[in-house]
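Visitor: One structure, pasted below without further comment.
The values are calculated or read from the model by the stated rules, or taken from the named source; none is laboratory data. Keep in mind that what you see is a predicted model, and the values were worked out from it rather than measured. Cβ: placed from backbone, ideal geometry, glycine included. Neighbour counts: every protein chain shown. For the accessible areas, the whole protein counts, side chains as well, though only heavy atoms, and no ligand, DNA or RNA atoms are used. Shrake-Rupley method; radii C 1.70, N 1.55, O 1.52, S 1.80 Å.
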Amino acid sequence: MAAAGARPVELGFAESAPAWRLRSEQFPSKVYAPLPGRPDAFHRCIFLFCCREQPCCAGLRVFRNQLPRKNDFYSYEPPSENPPPETGESVCLQLKSGAHLCRVCGCLGPKTCSRCHKAYYCSKEHQTLDWRLGHKQACAQPDHLDHIIPDHNFLFPEFEIVIETEDEIMPEVVEKEDYSEIIGSMGEALEEELDSMAKHESREDKIFQKFKTQIALEPEQILRYGRGIAPIWISGENIPQEKDIPDCPCGAKRILEFQVMPQLLNYLKADRLGKSIDWGILAVFTCAESCSLGTGYTEEFVWKQDVTDTP
């Protein structure tokens, strides 16, 4: 349990954003988490990947990348908050390097449509999918392809994560206030009887109740960010021990960077029970030293905790 005076937690909320902003090179799907005082981590991003299907052989994967302010990928100046002059629903599926991206999944697309030579794909399977879901008609008008945003329900819906600092009311205070109200309402109930009731409450119940109390003020939160804080678990089962969190290849320990909340599943439309991806929380642990990577990526660690089925 975090002590009073601990560092504040930043809460993330999903909000709709215009297509030009979501598809800007400055706003890819990521948690943007620069480290103050670290010139080599001026741009620092955590990427979390998962598959729609459950179970999936690839599971959950998380990667970290960090760059100095002056680099070959981002502008030195921050991006504009205003839409570009050519505002609209156009989409760029080509990198600055010249590499094309798959119209279905956004991965590198070395294959091209043999008819229009304008649509690129990562595989024959995705070309077939795109053909069935619209490219058959669009192929005859290749000049319009750049103005059509492919939507095959293959990728998750996109949102912008808006950050707010968690309210100063601590869950311990709320719990004590509730406890006082219970005592007052019961009147003649003896304190010994309440203690006896508490002893019968399972550890599982206590952890889940603490989780509900913690998020009650902001139930729509999809992310809790606080580098080095303790996660709030949703269940008493499958809580990792220190030995379960592998060290970074550089030799440093890994610490919690953020946790993803179950509310995000509603936005991702992962609603096929038993078939879609599901979780209670996802706890992302990263290198405590945030070791330097150059321009590369390093894989970090994610712990998935499910909601315990209760009778």
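Visitor: When you go through C102, C92 one by one, which is the residue that is at pLDDT 70 or above and in contact with a strand residue (DSSP E or B) (Cβ under 9 Å, 6 or more places away or on another chain)? Give the derivation first.
Guide: On the way: C92 fails: at pLDDT 70 or above.
The match here is C102.
Visitor: Say we look at region 264-289 and pick out the residues that are in a loop (DSSP other than H, G, I, E, B) and modelled with pLDDT of 80 or more; which of these is farthest from L48 (Cα to Cα)?
Guide: Residues of region 264-289 that are in a loop (DSSP other than H, G, I, E, B), as a first pass: 269-275, 277-280, 288-289.
Among the residues that remain, those that are also modelled with pLDDT of 80 or more are: 278-280, 288-289.
Working: D278: 14, W279: 14, G280: 16, A288: 18, E289: 20 Å.
Taking the candidates together, the pick is E289.
Visitor: Within region 46-60, can one find any residue that is among the charged types (D, E, K, R) and modelled with pLDDT of 90 or more?
Guide: Step one: list which residues in region 46-60 are among the charged types (D, E, K, R), which gives 52-53.
Applying the additional criterion that residues be modelled with pLDDT of 90 or more yields none.
Checked region 46-60: no residue is among the charged types (D, E, K, R) and modelled with pLDDT of 90 or more.
Visitor: Check whether at least one residue in region 30-45 is at pLDDT below 75 and in a loop (DSSP other than H, G, I, E, B), and report yes or no. Don't jump to the end; show me each part of the working.
Guide: If we filter region 30-45 for residues that are at pLDDT below 75, which is where we start, we get none.
The answer is no, given that none of the residues of region 30-45 is at pLDDT below 75 and in a loop (DSSP other than H, G, I, E, B).
Visitor: Is there any pair with a first residue in region 241-263 that is open to solvent by less than 10 Å² (accessible area, probe 1.4 Å) and a second that is among the hydroxyl-bearing types (S, T, Y) whose Cβ atoms are under 6 Å apart and which are 6 or more apart or on different chains, and what are they?
Guide: Every condition considered, the pairs that remain are E257/T286; F258/Y225.
Visitor: If you don't mind, there's one more thing I want to ask. Quick check on my filter: what residues within region 128-159 are more than 29 Å from C50 (Cβ to Cβ), surrounded by fewer than 16 Cβ atoms within 10 Å (Cβ to Cβ) and modelled with pLDDT of 65 or more?
Guide: Matches in region 128-159: K136, Q137, A140, Q141, D143.
Visitor: Something else now. If K206 meets every condition in (1) over 19 Å from W279 (Cβ atoms); (2) of a type in the set (D, E, K, R); (3) open to solvent by 70 Å² or more (accessible area, probe 1.4 Å); (4) under 19 Å from the mean Cα position of the chain (by Cα) apart from one, which number is that one?
Guide: That leaves (4) as the condition not met.
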